[in-house]
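Some notes on the structure that comes next.
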Amino acid sequence: MKRLAAGLLIALALAALAGEFLLPARYDQQFREETDALPGAKHPLGTDELGRDRAARLLAGARVSLLLAPAASVLAIALGATLGLTAGWFGGWWDRAVSTVIDLMISVPIFLVLITVRAVLPLNVSPVSSVMITFLLLGLLGWAGSARVIRGACQTQLNSDYVLRALAAGCSRTRVLLVHLLPNLWPVLRTQFIVAVPGFILDEANLSLLGLGVAEPLPSLGSLLKELTNLPTSPNWLGLAAPAVLLATAVGACEFLLPPKEGAS
Amino acid sequence: MRNVLLRRIITSFITLALTGFAAATLLRVAPGFDVDARELDSRASAETQQQIRAERAGESDILAFYGRYLRGALQGDLGQSRTYEVPVAGLIGERLPVTLRLIGLGLTGAWTFALALALASVVWPAVGTGLNLLTAGMLAIPAGLVALLILLSQGPVALGLALALFPRLFSYARGLFQQNADAGFALAARTRGLASARFLGRYVIWPAGPSLLAILGLSVNGAFGGAILLETICDLPGVGQLALQAALARDLPLLVGMTLFVGALTVSTNALAELSAQFILRTRSGH
Amino acid sequence: MSWLLSIRHAVTALILLALPLLAAEPVVLKFCLRSEPKTFHPLKAGDDASETVRFLTAGTLLKVNRKTQLPEPSLATKWKVLDGGQVVQFKLREGIRFSDGTAFTPEDVVYTFKQVAEIRSGFTDSLRQGDLAPTASVTGKNEVTVRFAGVTAGWERLLDGLGILSEKSPAKEKAVLGPFMVAEYKTGQYVLLGRNPNYWMRDAQGQTLPKVDQIRLDITTNRDLEALRFRRGEIHMINKVEPDTYQTLAGQMPGAVRNAGVSFESEQLWFNQVTKSPIPAYKLAWFRSSGFRRAVSESIRRDDLARIAMKGLAVPGVGPVSPGNTVWFNSKLKPHAYAPAVALAKLQKEGFRKKADGLYDAAGNRVEFSIITNAGNKTRERLATMIQADLAEIGIRVNVVTLDFPALLERITRGYSYEACLLGLTNVDQDPNGQMNVWLSSAANHQWNPSQARPETAWEAEIDKLMRAQARTVVLAKRKEMFDRVQAIVHEQAPFLYLVHKNVLTAIHPSVRNSLVTVLFPHVFSNAEQIELQSSGVYRSAR
């Protein structure tokens, strides 16, 4: 199973990286006489409404999103883990301050932060920079949930027998934190990563409503997934569903490849 | 204990006030705060344009606005919505039941399935593999599509919300249960032949309590986010729809009102979750 | 005797029970509003939703027939134009009552004009000349004389929008003279219009109008949902169908969609020419050069835009007046033809150089600009993406940025921090006076360079002069001649690059009888009082 998952993931990465050489069409080339084409020999997944090859767009979109979304997730989780761990560990005023900030981050409409950021950014941003900025923002703003969960998990672990025993045995607090506590948080961090990657991929597409996110003509996996809502009226279900299948494969492969607990790999 | 509770309440109120202020400030600095679509009316003269612009002047000093707003809020007056030109309190009150019902049903459904299936996959690993693949698929589907399918099939909107929330909750619950089940003392318990239901309850579910509660607090916010989307797509007149409208129309009083509502929801569910978590921790350190 | 009595009671009881069953269920015509109506005050209405409610509820002195485009008597039975077009004398219909029972008198008309002078809105502005509003006075039995501040061309069309208010009614502007009245309004959900019991008009057979009992206007911003509800028979009409939806509906309910031909609306692109805007000086120089603008325009394949982005439900854009507006369109003008070689020659004449990796200006700056448009509008996003591909062929790099509407509005009306903007003009008035504040260089809606102290270019000065002159001319042919010239200047200078003119696309459920589809707004309910619904049984089976 694991080998299969690894194989799939490697094949995916190769296809995304070499996509341009595999397919005859570029992702932004508009075949204006062949709009909304069904899958065929020339266009394996058909074309979109502007006549662009869906297969080429899928590979280009996968390259953008599958590279950047995990990076943004790691950033968000790292931020969340640092704050959540320290809050749970030190407690007291620091915990209260962090908790307040978390509540604030969760309750305040982040939408407004994003449109303000868009207003400050220049308009002439290349599509690639635009999508990179967006994932960076997602990483920087998306840590609050992680922080809350990790803080909760940290408090549980603090009360567990092994930490109490370690402390009683005279281990330094830092050592307990790094050697005993952190590895035990692995399952939570792992779940967060698996959940955050597709979450960020979809969020990125929604940000195009605010002038953030990927810009035309570059596709992202998220922007392609958004077209899924045309599924009920489009005959090209294969072309529309392919991005979801690809993302599900990638997420599923991660499920199998990431060890369920530390040291098990 | 009383002190802890009191401190908790005070912190909650401070957090809430800060949240409202943050939302008001953000809206003030966001682009398009003082524009009005009527300005594009090609018939409007310069005088009329100026008059339209002057209507927003009262809200541009955000400190003064928020001071006035809080004073009003303490007397139960949340101001007048700019888009709908009716009192915000009435507007939220009228629509709240719809959203609360949606969120309530959606959360109940999602949690029930998530916990039950997470347990099942701990007990039967083969089931777990299948469910992992299923959730991977569900995570890759935009919530917009779920909403659309619900709309097309005229299915219950709460089911849509439950489906949208389920995969994350399941992933977390499964991760936590698995960790507990694999822990040394749990294995020891199993080898000692503890009956399986008791084993699950005592060593798998109970210890996961505090973490699950933290996630529960978050999932309430997630459910509200989902409600915004579902209410908008399925045209359900709840507060979720209202929140989106408020942000898009830069309706300051309405948006601050909505943010305070979400803030209250967050702070109270988190407070509840945390108190329950402490209870669990205490009982455990007791045995 | 007693048992007879009891039978009588029983019969009465039965009849009483049956009565509500016999009483016909109200016939309700249903369609959607796409935004919250901003106001129910007829003089303040400016947005689509408010205009819809105003149209269905307000009574006006005269009505422009949406089909023949000629004025017809309404509250005024006849009128006489005096003083070379500055004064109009109206004879009013007698014995009419407002919806609340208050009698309609000439004083109400006078009062309405007083309100026009007091209330500031796009609509009341359209009645003003300079800053002066028209006045009215009672000049005889059932006679009112309206004096405009100057000769006002197209006054019939303007008065078609003037809802007459009641001076004395305690209900104020809620007392109406139109076929319907607002019965219930639930914010964010619906507006229910009830039949005006005192509506004066009768049909050809002398029957009371309107024919339907109620109109339910559901407020929904979600157009896919609107289409879905139409397919399910939950709403009867869609006043404006998007090209994508039209295509889908045409496949599923071919009998229900109507394409009424080219509308007055257009989608256009313009460059920021505001001198004080924060964009780099060299870019401003490109945008202010008509050669550059024309070159860009001639590098766009408008046929493709109409065929692909608009799904073939539009025609290539020509100018400020759509070919659909047969009265005012300057038929000598053709869309800017796709001619990249000519365009490149024009650019080279202005010092631009085409290199292998793109186009450069004389100073060596790479030609690159951004196009902003409002997010969530699929057709505009497609238009922008196609233009991006077309311009890439002559070496211009375009960045497409979609913004939420208020953010976009702030950029084009406040800081002018944008380079090019793609937007559409909707609800375009048939008469050029409706676009006065677009063409005058001093106006705030002179999008490419608004509120100029004095015209910055000779051609803008000429447009100013022509627009002012035509507004004070009565003879249509003379006005047309002047406005033809305006169109020619705009075509030549290209401050707006007109991309496409959309078709009027509507959908009407088969159960709706007598509806009239018109190019003029409102497209499907201009004769709302005459619209009938086929027996509700049939309708229900359609649900």
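The values are calculated or read from the model by the stated rules, or taken from the named source; none is laboratory data. Owing to the predicted nature of the structure, the values given are computational and were not obtained by experimental measurement. Glycine also receives a Cβ, built like all others from the backbone with ideal geometry; neighbour counts cover every protein chain displayed. Note: areas computed on protein heavy atoms with side chains; ligands, DNA, RNA excluded. Shrake-Rupley method; radii C 1.70, N 1.55, O 1.52, S 1.80 Å.
Given a 1.4 Å probe and the protein chains as shown, A:V251 ends up with an accessible area of around 10 Å². Legend: calculated FRET efficiency, C:E532 to C:K186, from the Cβ-Cβ distance at R0 = 22 Å, rounded to 0.05, equals 0.25. Computed from the Cβ-Cβ distance with R0 of 22 Å, the FRET efficiency linking A:L257 to A:L182 stands at 0.60. For region C:59-171, the solvent-accessible area with a 1.4 angstrom probe is 41 square angstrom per residue.
Across every pair of non-identical alpha carbons in chain C, the mean reciprocal distance, once inverted, gives a Kirkwood radius of 25.8 Å. The angle between the Cα long axis of helix B:2-29 and the main principal axis of chain B comes to about 50°, on a 0 to 90 degree scale.
In region B:93-285, the portion of solvent-accessible area held by carbon and sulfur atoms comes to 72 percent [1.4 Å probe, whole percent, DNA, RNA and ligands not counted].
Between the alpha-carbon centres of region B:72-127 and region C:60-95 there is a gap of 56 Å. Here the accessible area is traced with a 1.4 Å probe on the protein chains. For region C:59-171, carbon and sulfur cover 50 percent of it. Going from the isolated chain to the complete set of protein chains, region B:27-47 loses at least 40 Å² of heavy-atom accessible area (1.4 Å probe) at B:P31, B:V35, B:L40, B:S42, B:R43, B:E47.
Between the Cα long axis of helix A:54-90 and the first principal axis of chain A there is an angle of about 10°, rounded to the nearest 10.
Here the contact order of chain C, divided by its residue count and restricted to Cα pairs under 8 Å and six or more residues apart, works out to 18 percent. Accessible surface of C:M482, taken over heavy atoms with a 1.4 Å probe and every protein chain present, rounds to 40 Å².
Summed over both chains, the area buried between C and B is near 3200 Å², taken from the accessible surface of protein heavy atoms with a 1.4 Å probe.
Between B:V29 and A:E34, how high is the FRET efficiency from 1/(1 + (r/R0)^6) when r is the Cβ-Cβ distance and R₀ = 41 Å? Nearest 0.05. Efficiency, rounded to the nearest 0.05: 0.35. Looking at region C:262-503, the accessible area is 34 square angstrom per residue; that uses a 1.4 Å probe and ignores ligands, DNA and RNA. Would you mind counting up the charge near B:E47? Only other residues with Cβ under 12 Å from its Cβ, with Lys and Arg at +1 and Asp and Glu at -1. Net charge around B:E47: +1. Taking each residue as 0.36 nm, the span from C:Q69 to C:D131 lengthens on full extension beyond its C-alpha to C-alpha distance by 19.5 nm.
In straight-distance terms, cross-link reach from C:K283 covers every one of the lysines whose alpha-carbon lies under 22 Å from its own, apart from those fewer than eight places away in the same chain; here that gives C:K346, C:K349, C:K354, C:K355. Rounded to whole numbers, the Karplus 3J(HN,Hα) couplings from phi for region A:140-154 are 6, 9, x, 8, 4, x, 4, 4, 5, 5, 5, 4, x, 5, 5 Hz, using 6.51 cos²θ - 1.76 cosθ + 1.60 with θ = phi - 60°, and x at Gly and Pro.
Heavy atoms of the protein chains alone define the surface here; on that basis chain B has 44 Å² accessible area per residue at 1.4 Å probe size.
For the cross-link pairs C:K311/C:K478; C:K63/C:K480; C:K38/C:K478, which exceed 28 Å when the distance is taken from alpha carbon to alpha carbon? Among C:K311/C:K478; C:K63/C:K480; C:K38/C:K478, the Cα-Cα distance tops 28 Å for C:K311/C:K478; C:K38/C:K478. Look at the stretch B:276-283: the mean tally of other chain Cβ atoms within 10 Å of its residues' Cβ atoms is 2. Summed over qualifying helices (DSSP H, 4 residues or more, each -39500 (n - 2.57)) and divided by its residue number, chain A shows a 222 nm mean residue ellipticity of -21500 deg cm²/dmol. Region C:102-169 and region A:164-238 have Cα centres separated by 62 Å. In 5 Å bins starting at 0, how do the alpha-carbon pair distances of region C:59-171 split up by percent? Calculated over all Cα pairs of region C:59-171, the distribution is 2, 12, 23, 26, 21, 12, 4, 0 percent. Looking at region C:262-503, the DSSP beta bridges with both ends there are about 65 percent antiparallel. Considering only alpha-carbon pairs that sit under 8 angstrom and 6 or more positions apart, the relative contact order computed for chain B is 26 percent. Here the relative contact order of region C:262-503, from alpha carbon pairs under 8 Å that lie six or more residues apart, stands at 34 percent.
Pairing chain C with chain A buries about 2000 Å² of accessible area. This figure sums both sides and uses a 1.4 Å probe.
Using only Cα atoms, tell me the angle between helix C:2-22 and the longest principal axis of chain C; keep it within 0 to 90° and round to the nearest 10. Tilt relative to chain C: about 10 degrees. Each helix, a run of at least 4 DSSP H residues, gives -39500 (n - 2.57); summed and divided by the residues of chain B, these come to -26000 deg cm²/dmol at 222 nm. For the protein assembly as shown, the convex hull drawn through the C-alpha positions has a volume of 227 cubic angstrom per residue.
Provide, for q = 0.09, 0.14, 0.16 Å⁻¹, the log10 of I(q)/I(0) from a solvent-free Debye sum over equal Cα point scatterers in chain A. Here log10 of I(q) over I(0) equals -0.51, -1.01, -1.19. With K and R counted +1 and D and E -1, the other residues having a Cβ less than 12 Å from that of A:V98 yield a net charge of +1.
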